[in-house]
Amino acid sequence: MNPFEQKFIIKTEKLQKSFKKVKAVQGLNLNVQKGDVYGFLGPNGAGKTTTIKMILGLIYPDSGKVFINDRNLSKSGVDLRSSIGYLPERAQLYKNLTAIQTLNFFAELRKVDKRECIELLDKIGLTKWKDSKVGTFSKGMVQLLGIAQALLGDPELLILDEPTSGLDPRWSRVLKDILLERNSKGTTVFFSSHLLFEVQELCNRVAILNKGKLIIEDTVKRVSDGVHQKPQLIITIKGNAKTAVKILTKNGFSSQIVKNKITIPLESNQKTSVLNLLENNGIVIQNFITKEPSLEKAFIEYIGEDASVGGEIQ
Amino acid sequence: MDNLRNKWILILTVLFIVLTLIISFVSGGGSLGDIEITVVGLLGISSLLVPIISIMLGYDTISGEAESRSLLVVQAYPVSREDVYFGKFIGLSSVLAVSTTIGFGISGLLITTFVGGTNPIGFLIFMLLTIVLGLLYLSLSICFSAILKRHTTSLYAGIGLFFWSMIISSVIMGVYLGTGGTITDLTGGSMPDWIWSATMILSPTDTYQTSILLGFDLRTASISGFGISIPDFISLSNILAILAIWIVVPLVVGIYFYRKKDI
């Protein structure tokens, strides 16, 4: 094998799926590299869950192929799933089982040591409820238990469909830390989310899907930059902001005043020269912050006004 | 899973013991009746109860779990569709088999102890055939659950088939009467062979009841005012073959659909 060749843990080729007259996924080519934290974005009905289910062999594509670690899913799906942990959107588990029974059951399916179940319950903060039935759990607790089962056996690939749905901010933070910790040990994380700040915070690569079609797949930075956004320098000054804007305009910088703060789009290497320019002209800078390009803005621009719910009608 | 299974086993076992003893008591006119009388009395109840229990156990195994999304989690593990499908069939079959064996077994022992002079082999055949009847409806209900999307539709299909099995012999007899047959033939124990063949093939409930009579070596009997004379070409072995087909065919059809199913 060529040592410079990219290693893809998930690769899809011209994946296609329709439900009656709705084209849910159309000619989808995804490339998820080993070690990625990969964000899978798209509006409701874009085809994210359908794609995830096809990657797992839970639904069958009309055409196209899925490869996991270069192996064709349709030929060795059962074996391949031993290296995948999966959390479906709005996970439901067996209501009559307790938390520990649930994890023990899934540990048996994955053939992993049941001692890991106790450790995972501790990690997700459900030790106290280990003997309580899942039917008595809140939505967030079920979600946490669902996450724990996905982590069983330390799978090489985690596929999570809206993992923070139903979690309060504290547990969202715990989940993000767990994912980053697993990723630092080599686990590839593939997850779909509506929360773009979350994706921007966690992911190194993203794909945006709309009406079953791949709009873009790249690093978070390139996707954000792709809509020609620049970092923004936001300055709070002492005195009249209009004077500062005049100075900036005179020197070729576009800027605007929002709530007495001056916002200047610029390249990263221009920050010092702008600050020096203002100070040399007698402007007193109280504070400044730099705002990086936003994935949210990029998402909205890529999807545009086309972001209607559902796939494309044939 | 084990706890849930054990709970079902306990409930069904107690139900079978209580029912058998009540029927034996009623059939025996205020004291425990012998095994043969008890089994004849039980036939009607077990023909109704066991299929309904089996349908209730099996109807939401696939479609219900697919709707509740727990099947998504299970099938994302390294287990094949066959593992899940047959695993569910075997698990639920064990619930039926264990509860039937213990429930009827205990009551059978009690009757043998207190009444004596009984036919233990016949009773053993009754227990085995009751398990077979349960497996048959379980196989059918899991098959419906694999084919149909909604668990409520699977339930309706199971109940529909159960009613079909209850009425099909009457329909066949109706056809016979409508095409020149006489009521005397039907009640007098001289039904034409084709009615027997059609009923044995199309109605699992009638097949089960006939097989129980054969298990007790009763080729002629009177049930609900009907004189029954089972023709010689119907034997326990060919009835068992028919029941086996009723179990195997839905299992094969069900797994065929489940393998293709989008979860």
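Here, each number is a calculation from the coordinates, and none is a lab measurement. Quantities reported herein were computed from a predicted structural model and do not represent experimental measurements. All Cβ positions, even for glycine, are placed from backbone atoms using ideal geometry, and neighbour counts span all protein chains on display.
Given q = 0.05, 0.07, 0.08, 0.11 Å⁻¹, what are the Debye log10 I(q)/I(0) values for the protein assembly as shown, with equal point scatterers placed on the Cα positions and solvent ignored? Ignoring solvent entirely, the Cα scatterers give -0.36, -0.60, -0.72, -1.04.
Across segment B:190-202, rounded Karplus estimates of 3J(HN,Hα) from the backbone phi angles (6.51 cos²θ - 1.76 cosθ + 1.60, θ = phi - 60°) give 10, 5, x, 4, 5, 5, 4, 4, 4, 5, 4, 7, 8 Hz, Gly and Pro being marked x.
By the count of neighbouring beta-carbon atoms within 10 Å, fewest first, B:TYR156, B:TYR208 end up ordered B:TYR156, B:TYR208. For segment B:2-260, the relative contact order comes to 25 percent (Cα pairs under 8 Å, sequence separation of at least 6). Using the Karplus relation 6.51 cos²θ - 1.76 cosθ + 1.60 with θ = phi - 60°, the per-residue 3J(HN,Hα) values for segment A:86-92 come to 9, 10, x, 5, 6, 4, 10 Hz, with x marking Gly and Pro.
Count the net charge of all other residues whose Cβ sits under 15 Å from the Cβ of B:ASP60, scoring Lys and Arg as +1 and Asp and Glu as -1. In short, +4. Within segment A:1-74, the chymotrypsin sites (Phe, Trp or Tyr not before Pro) that combine a DSSP coil assignment with at most 15 other C-beta atoms in a 10 angstrom radius are A:PHE4.
Using a Gaussian network model of chain B in which every pair of alpha carbons under 10 angstrom is joined by a spring, one finds that among B:ALA198, B:ALA97, B:ALA157 the greatest mean-square fluctuation is at B:ALA198.
Both radii were evaluated on the Cα set of segment A:101-156; the Rg over Rh quotient, with Rh as the Kirkwood radius, amounts to 0.93.
For the residue pairs A:LYS7/A:LYS221; A:LYS14/A:LYS221; A:LYS21/A:LYS297; A:LYS123/A:LYS230; A:LYS34/A:LYS75, alpha carbon separations beyond 30 Å are given by A:LYS21/A:LYS297; A:LYS123/A:LYS230.
Once the gyration tensor of the Cα atoms in segment A:164-295 is diagonalised, the equivalent ellipsoid follows with semi-axes of 37, 18, 13 Å, ordered largest first. Shown here: segment A:232-292, whose C-alpha atoms stretch 26, 22, 17 Å along the first, second and third principal axes, sorted largest to smallest.
Under Stokes-Einstein, with the Kirkwood radius over Cα pairs as Rh, the value for chain B at 10 °C and 1.306 mPa s is 81 µm²/s. Applied to segment A:120-132, the Karplus parametrisation 6.51 cos²θ - 1.76 cosθ + 1.60 on θ = phi - 60° returns per-residue 3J(HN,Hα) values of 5, 4, 5, 4, 9, x, 10, 4, 4, 10, 4, 9, 8 Hz, with x for Gly and Pro.
For chain A, a Gaussian network of Cα nodes joined below 10 Å ranks A:ASN96, A:ASN69, A:ASN260 by mean-square fluctuation, and the top entry is A:ASN260. The residues packed around B:ILE230, meaning those with a beta-carbon under 12 Å from its beta-carbon, carry a net charge of -3 if Lys and Arg are +1 and Asp and Glu are -1. Peptide B:75-88 shows a mean partner chain C-beta count of 5 within 10 Å per residue C-beta.
The alpha-carbon of A:LYS17 sits under 14 angstrom from the alpha-carbons of these aspartates and glutamates, leaving out residues fewer than 8 places away in its chain: A:ASP62, A:GLU312, B:ASP262. Residues whose amide H falls under 5 Å from that of A:GLY85, counting only those 5 or more places apart or on a different chain, are A:LEU157, A:LEU158, A:ILE159, with hydrogens built in the peptide plane. Spin-label pair B:THR184-B:ASP232: with each label point 7 Å from Cα along the Cα-Cβ axis, the two points sit 2.5 nm from one another.
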